[in-house]
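What follows draws every value from the coordinates through simple rules; no lab data is involved. Remember, it's a predicted structure, so these values are computed and weren't measured experimentally. Note that each Cβ is placed from the backbone with ideal geometry, even for glycine, and that neighbours are counted across all protein chains shown.
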Amino acid sequence: MRLPFFLAKRFVAGETFADAVPKAKELNSKGLKLTLDLLGENIKDRKTTDKTTQAYCDLLDGIREQELDASISIKLTMLGLDIDKEYCRDNLDKLLEKAKERDLFVRIDMEGSDYTQMTFDLYYDALEKWGKKVGIVIQAYLHRTRDDIDELIERQANVRICKGAYKEPSNIALQNMADIRTAFKEYTTRLIEAANYPRIATHDDILIEWIRSHVRENNVPKQRFEFQMLYGLRQNTCEFLAQKGYPVRIYMPFGTEWLPYYSRRLRERKENVWFILTTMFKK
Ligand SMILES: Cc1cc2nc3c(=O)[nH]c(=O)nc-3n(C[C@H](O)[C@H](O)[C@H](O)COP(=O)(O)OP(=O)(O)OC[C@H]3O[C@@H](n4cnc5c(N)ncnc54)[C@H](O)[C@@H]3O)c2cc1C
């Protein structure tokens, strides 16, 4: 059974790229850059994976044709990581070839901990082959991030830092918000010092205010990093930060396979569940 799209529309820009384009143009016109994300994860068959790889390539063409200020984010389980690692690598290469042709950037989202090592392996190979066209995500809640970050800085990787959205056990990840915030601050400090233009993905006012005062006190130029937030959350904050001169990018998902993404957003905040319920009763 497919749930009706109106449930998802707070967090998802549409079911097709064409639906998302007007919203994308509106955000671009406010000085906000975009990361477009064709929704879906964990594809188990090659036919659907091949179609998805092609859809990502078409998305890169669409971004150029529509003259959007946008990059894309992908999940390796959409490119066949659950089927075969080498097959996934070939699909990633196809996509990065297209990104190079179109002079566009592709970020590999970080999924649950079963995929972390494989994602780093494929990313580091892609970084050697395709250089600046590809980036990765680190999750502050993972214990291993303390070591991963050294290697990422060493390799001058293009990194987005976020807290981490998947339910992980305590031997793998921090469980409490205060500890996750402390780790987030420590890693962000290192990225701002040493990495090439880090992307800082959070809606958390405590972290946003901390970053703003940290860079002010340390004379870090606002153009040295970028704030990133999800479509449908904190748009006023995004516009406020952009007006203050910080680069800001909105992660804009679209597509019919929105349920897992949508469920993670609901789990993150009780207020989101309330919002959906009131939307349902307005219909
Ligand atoms: C651009 C982007 C890309 C991401 N990519 C990945 C990825 O590849 N892999 C992954 O695992 N996760 C990813 N995430 C999700 C991320 O890991 C977190 O799960 C998600 O961002 C929630 O954490 P948070 O820091 O934004 O704030 P939360 O932990 O949701 O909120 C913390 C506090 O922030 C304040 N706050 C938050 N929202 C609001 C609001 N609407 N109004 C008022 N106060 C608010 C509240 O004080 C709240 O208690 C991404 C997130 C972003 C923004």
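Here are the numbers for this structure:
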quantity: Mean separation of Cα contacts under 8 Å (6+ apart) over length of the chain, as relative contact order %; calculated: 24 percent
quantity: Hydrodynamic radius of the range 1-148 per Kirkwood, over alpha carbon pairs, in Å; calculated: 16.2 Å
quantity: DSSP-defined beta bridges in the chain - what % are antiparallel, rounded to 5; calculated: 5 percent
quantity: Percent RCO, i.e. relative contact order, over the range 13-120, from Cα pairs under 8 Å lying at least 6 residues apart; calculated: 27 percent
quantity: For the range 168-255, the fraction of alpha-carbon pairs in successive 5 Å shells from zero, as %; calculated: 3, 12, 23, 24, 18, 13, 6, 2, 0
quantity: Measure of compaction for the range 125-277 (Cα Rg per 2.2 N^0.38 Å); calculated: 1.07
quantity: Principal axis box of the range 69-170, alpha-carbon based, largest edge first, Å; calculated: 42, 30, 25
quantity: Computed helical MRE - 222 nm, the chain, DSSP H runs ≥ 4 contributing -39500 (n - 2.57), nearest 500; calculated: -16000 deg cm²/dmol
quantity: Too-long pairs where the Cα-Cα distance tops 18 Å, listed order kept, from Lys185/Lys244; Lys44/Lys133; Lys47/Lys129; Lys44/Lys163; Lys33/Lys222; calculated: Lys185/Lys244; Lys44/Lys133; Lys47/Lys129; Lys44/Lys163
quantity: Dimensionless Rg/Rh of the range 1-83 - Kirkwood Rh, Rg from C-alpha atoms; calculated: 0.99
quantity: GNM result for the chain, Cα springs below 10 Å: residue of Asn158, Asn218, Asn42 fluctuating most strongly; calculated: Asn218
quantity: Charge sum, other residues only, whose C-beta stays under 9 Å from Tyr261's C-beta, Lys/Arg counted +1 and Asp/Glu -1; calculated: -1
quantity: Rounded to 5, the percent of DSSP beta bridges in the range 139-257 classed as antiparallel; calculated: 10 percent
quantity: Part-to-part distance (alpha-carbon centres) for the range 122-160 and the range 214-268, which is given in Å; calculated: 20 Å
quantity: Square roots of five times the Cα gyration tensor eigenvalues for the chain, Å; calculated: 26, 24, 20
